[in-house]
Amino acid sequence: MAVAAPPRSELERLERVWLPRPGILGWLTTVDHKRIGLLYLAATSVFFCAGGVEALIMRTQLAEPNERLVGPSTYDELFTTHAVTMIFLFVIPMSTGAFGNYLVPLMIGARDMAFPRLNALSFWLFVGSGCFIYTGLFMGAGPNAGWFDYVPLALRQYDPGPGVDFYALGLIFNGLSSLGAATNFIVTIFKLRAPGMSLNRMPLFCFANLAASLALVIALPPLTVDLVFLELERKLGFQFFNYARGGLPLLWQNLFWIFGHPEVYIIVLPAFGIATSIIPTFAQRRMLAFPLVALAELLVAFIGFGVWAHHMFATGLPTTTLVFFAAASMMVVIPSTIQVFAWTLTVVSGRPVFKAPLLFMGGFIVFFVIGGLSGIMFTAIPFDQAATDTYFVVAHLHFVIFGAAVFPLLGGLYYWFPKVTGRMYHERWAVASFWLTAVGTFTTFFPMHIVGLLGMTRRVYTYEAGLGWGIYNLIETVGGFILASGVLLIASNLLWSLRRGEPCGRDPFFGGTLEWTIPSPPPHYNFAVIPRVTSAYPNWDRADREIDERRLDRDEPSLPDGHRTPSSTVRDGLPDEVLAMPSESPWPVLVALCVSAIFALLLTSHYDAAGVAACFAGLMVVGWHADEPEDATGGEGLLSAGGVASSRSSPERHARANGWWGMAIFAASETALIGSIVGSYFYLRFNTSHWPPPDTPKPTLLAPLVLTAVLATTIVPFRAALGSARRGERGRALTLVGLATCIQAAYLGVQIHLFTGDLTRFTPQQSAYASVYYVLLGAAHAHVAIGLLFDLWLLVRLSSRLTPYRLIALDAICFYWTVVVAITVVVLITELSPRI
Amino acid sequence: MSARRLELFQWFGLLAAPCAWAIHLVVGLYLAEAHCEATHWDSGWAPTQIALTSAAALVALLAEAAALSVYRDLRRTGVDAAGPRGRQHFFAVGGLVGNILFFVAILLTGITVVATQSCREA
């Protein structure tokens with residue numbers, strides 16, 4: 001066996017430490033954010049092609065009246081799968097998964113994401129969910145009830161095939177991936193910023209990704225709840241949407257759009273981030289109104305949660321209700337406008353160089369304004385009611401999604417291509433591809449406004465001659481093919497340049513953010529010297545960068561002796577500690593395989609087998625966590641090796657660990673999940689005269705009150721255990737956690753007993769009240785059960801020794817139980833509300 | 001202003017108005033549901049909406065005042081300034097604009113809801 005020669009320099013040592021495993025196995029087990037970003041890019045490009053082919057088939061079908069290329073049922077599957085693909089399998093995963101993964105750590109000066117293995121798991125879950133959804137299409141049973149899948153159309157009696165089940169389970173599956181990715185982005189942006197990168201110095205791209213990730217964490221749970229309700233009704237006969245049993249079809253729409261409208265902003269926000277990166281570079285000046293643009297990105301995500309019912313203006317809701325949403329819908333225009341003015345004025349007041357990436361940003365601004373203006377028209381309730389479900393809506397949403405979200409992605413591909421590959425793209429082809437794509441976009445989508453106003457409804461597979469729609473549809477179809485040729489030219493240009501492009505060096509455009517300070521393509525460790533940041537455009541701070549270069553010349557890279565990255569404090573980016581990062585791992589891909597099996601078995605109603613697959617997934621997760629990271633060290637390790645400003649006197653030193661933040665975000669998501677069920681409960685209640693129905697007993701008061709009080713008391717031993725662990729008293733901490741676990745297990749045992757007792761008195765199939773009652777209690781008990789699994793893992797770990805890693809775990813689990821107790825109290829109040 | 005008060009005012013100036021708007025929206029909406037749907041809650045509905053709107057608008061105004069005081073205290077601090085002061089100045093600028101937006105939205109929504117009170121289908 002050949003023995004590797006000792007490293008000749010510190011930099012070589014660093015390179016060896018971060019060297020990835022070669023070959024296909026290296027890609028399957030990789031946890032490197034750059035490789036995962038590229039995997040996302042490849043996978044989402046495949047799905048983009050699939051969605052594009054579906055779109056072209058639909059446009060060909062609609063090119064002329066009475067066309068018979070596909071029948072109505074195939075057309076239903078095509079438009080549903082096209083939308084699901086473009087939204088869930090292309091735009092979001094490409095903008096966050098590919099661009100976000102590759103660029104966020106590079107822009108903040110980190111060596112990887114906060115949770116590299118979770119990052120890999122998110123990718124493999126994404127691939128699994130995409131394959132799951134497309135399996136349905138290839139079996140001739142693709143999703144076919146539209147991307148918003150309205151009930152009662154999507155209920156079993158009207159759509160008996162498995163298409164809706166592929167949709168519902170596929171999106172729950174996809175949501176797991178998105179939740180993992182969003183959590184990772186938030187913690188990475190909060191905790192792994194380079195020293196000195198306080199929130200006011202953070203790149204706007206990261207603000208946009210942070211806003212999108214925060215919105216995802218809160219928006220996904222209502223969709224998950226909605227999809228679970230749908231599957232329970234379709235497969236087990238629950239009654240959430242059945243009016244005859246106290247259910248409401250509009251419950252589906254409310255929950256869907258609480259997710260669906262923020263989703264629009266989740267789609268466009270990363271695109272805004274790309275625009276705020278490209279425009280200053282090619283205008284050669286800072287972004288104008290930097291704080292306001294950062295705030296606007298956060299505001300768009302936040303206000304987006306208050307506009308959901310503007311998708312329901314035609315459903316007969318009372319005027320008083322709609323006023324809230326009309327106002328909020330108008331309000332969301334303001335932060336968007338702030339950004340449009342900032343982008344435009346930055347170009348106008350700078351020294352713009354109109355290369356391809358900036359041209360794409362120009363197209364993006366024009367299309368976003370067109371889509372935005374037609375969007376404002378929908379806030380006027382009478383106009384919305386007239387135009388709803390016509391092609392006018394299709395025009396609006398495509399200008400927003402393709403024009404405002406995909407155009408920046410295409411521009412971003414050109415902009416960061418030299419960074420990723422080390423080679424320049426072909427500029428003239430790039431400019432030509434811009435014009436083809438822009439003309440194609442306008443020609444495809446603008447006539448849809450006219451044909452919509454002429455009365456053409458969306459989702460019709462053909463139309464009669466003589467309605468005056470034919471010429472517009474023909475123009476749209478021609479535009480569709482022009483657009484496709486533009487996209488093909490972009491792909492050809494990039495593939496050609498991959499081999500034949502001119503070498504570009506580290507910074508061909510003189511960009512302002514940190515990724516331009518390192519070689520192209522970036523080394524495996526990203527930054528040899530962890531940079532010190534003193535402004536929002538650190539690459540333009542020559543003095544700082546010269547310090548880094550001098551250190552590199554002296555062969556003094558940061559943290560050369562381990563797979564490590566520094567972490568910092570959330571608010572002000574002060575050095576906190578040095579974290580050991582995991583290397584390649586087989587667990588993420590194995591867990592994703594088990595999860596895929598779970599969803600396949602749920603689809604085929606093999607619930608016992610799904611349970612077995614879940615147990616396997618659990619074992620994989622245990623295997624994953626058997627590999628404990630080395631103990632974190634204080635920021636002084638970084639200080640000695642990095643020369644960054646000392647912050648030992650900072651009150652933020654040794655702030656909350658990454659693990660705690662991960663748990664906090666998970667808890668926020670779970671709170672949103674329970675909140676969605678509670679919201680559904682009261683929505684149904686306010687719309688029903690008898691709650692609970694006369695044939696259903698009212699809930700008992702005493703037992704739930706006593707049990708909740710007992711559960712709440714377990715916070716005391718947990719807190720005490722945390723205090724003991726901090727003082728190094730492992731035995732006492734172990735005893736206290738054991739005590740809390742026993743009480744929590746007893747609580748769950750009694751609750752399960754009561755739950756099964758309730759089932760003998762009334763079934764969830766009886767009424768909407770019963771359905772939502774059981775789901776509410778079931779969700780609350782499931783959270784206690786998950787907490788008990790955390791406890792068991794913790795007890796096993798604490799029984800051997802106490803490490804900083806285990807102390808962080810105890811802190812995070814203690815926080816989890818605090819949230820579970822709060823959730824249980826809310827559930828208790830909801831459960832007992834008929835007695836109040 | 002002391003460092004602690006600056007920190008408190010900065011976060012209040014940034015987060016209070018959005019929270020007030022969100023609570024106004026959700027609670028107001030459920031009140032509207034209770035008013036218009038099967039439960040038909042009429043008595044005291046309008047005064048409750050007025051009280052809710054007034055409270056939310058007041059919080060937004062207080063948030064604006066907090067953001068303004070932070071901004072005035074740090075007006076000579078640059079956008080890129082280091083440490084807490086740079087960040088506080090940065091968020092104070094955002095709060096100053098955002099709070100006005102939320103104040104106007106709360107007020108206009110509340111006035112329209114109370115003025116229409118209509119449960120007729122739109």
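Rule-based calculations on the coordinates, nothing more; no lab input. Since the structure is predicted, the reported quantities are computational estimates derived from the model, not experimental observations. Virtual Cβ from ideal backbone geometry, glycine too; neighbours counted across all protein chains shown.
Numbers for the structure displayed
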read-out	value
Estimated distance in nm for a label pair at residue A:492 and residue A:348, the labels positioned 7 Å out from Cα along Cα-to-Cβ	3.8
Label-reachable residues, segment A:230-259, where backbone N falls under 19 Å from a point 7 Å from residue A:689's Cα toward its Cβ	A:242-249
Within 10 Å of each Cβ in B:103-112, the average number of Cβ atoms from other chains	4
Integer Hz, Karplus 6.51/-1.76/1.60 couplings in order for segment B:70-78, x for Gly and Pro	5, 4, 5, 5, 10, 5, 8, 7, x
Rg/Rh ratio calculated on Cα atoms of chain A (Kirkwood radius)	0.97
At most 11 other Cβ within 10 Å, DSSP loop - trypsin sites (Lys or Arg not before Pro), segment A:545-594	A:554
Computed FRET value (nearest 0.05) for residue A:8 with residue A:755, which takes r as the C-beta separation and R₀ as 60 Å	0.35
For B:10-19, mean number of other protein chain Cβ atoms within 10 Å	1
Approximate spin-label separation residue A:553-residue A:742, in nm, with each point projected 7 Å along Cα-to-Cβ	6.8
Net length gained if the chain between residue A:432 and residue A:60 were fully extended (0.36 nm per residue, minus Cα distance)	131.4 nm
Cα-based Lys proximity count in the protein assembly as shown, under 25 Å, for pairs eight or more positions apart or on separate chains	4
20 Å cut-off, amide nitrogen to a point 7 angstrom out along residue B:72 Cα→Cβ, residues in segment B:1-42	B:1-17
Chain A - percent relative contact order, Cα under 8 Å, separation 6 or more	16
Inter-probe distance in nm under a simple model that places probes 7 Å from Cα toward Cβ, at residue A:385 and residue A:782	3.9
Three-way shape label, segment A:657-835, alpha-carbon gyration tensor, a/c 1.5	prolate
Pairs of Cα atoms farther than 23 Å apart, chain B, %	41
Those trypsin sites (Lys or Arg not before Pro) in segment A:723-752 that DSSP places in a loop and that have at most 10 other beta carbons within 10 Å	A:727
Net lengthening on full extension, residue A:710/residue A:732 (0.36 nm per residue, minus Cα-Cα)	5.8 nm
Residues A:191, A:355 arranged by fewest to most Cβ contacts within 10 Å	A:355, A:191
Backbone HN-Hα couplings from phi across segment A:587-595 [Karplus 6.51/-1.76/1.60, Hz, Gly and Pro as x]	4, x, 5, 5, 4, 4, 5, 5, 5
Cα-Cα pairs of segment A:285-388 separated by more than 16 Å (percent)	63
Segment A:778-790 - phi-based ³J(HN,Hα) in whole Hz, Karplus 6.51/-1.76/1.60, Gly and Pro as x	x, 5, 5, 5, 4, 5, 5, 4, 4, x, 5, 5, 4
Loop trypsin sites (Lys or Arg not before Pro), segment A:3-52, which have at most 10 other Cβ atoms in a 10 Å radius of their Cβ (DSSP)	A:8
Förster radius 51 Å - calculated FRET efficiency between residue B:119 and residue A:478 (Cβ-Cβ, nearest 0.05)	0.55
Segment A:401-541: relative contact order in percent, alpha carbon pairs under 8 Å with at least 6 residues between	34
Residue A:792-residue A:138 FRET efficiency (beta carbon distance; Förster radius 25 Å; 0.05 resolution)	0.05
Distance from segment A:536-572 to segment A:650-726 (C-alpha centre basis), Å	42
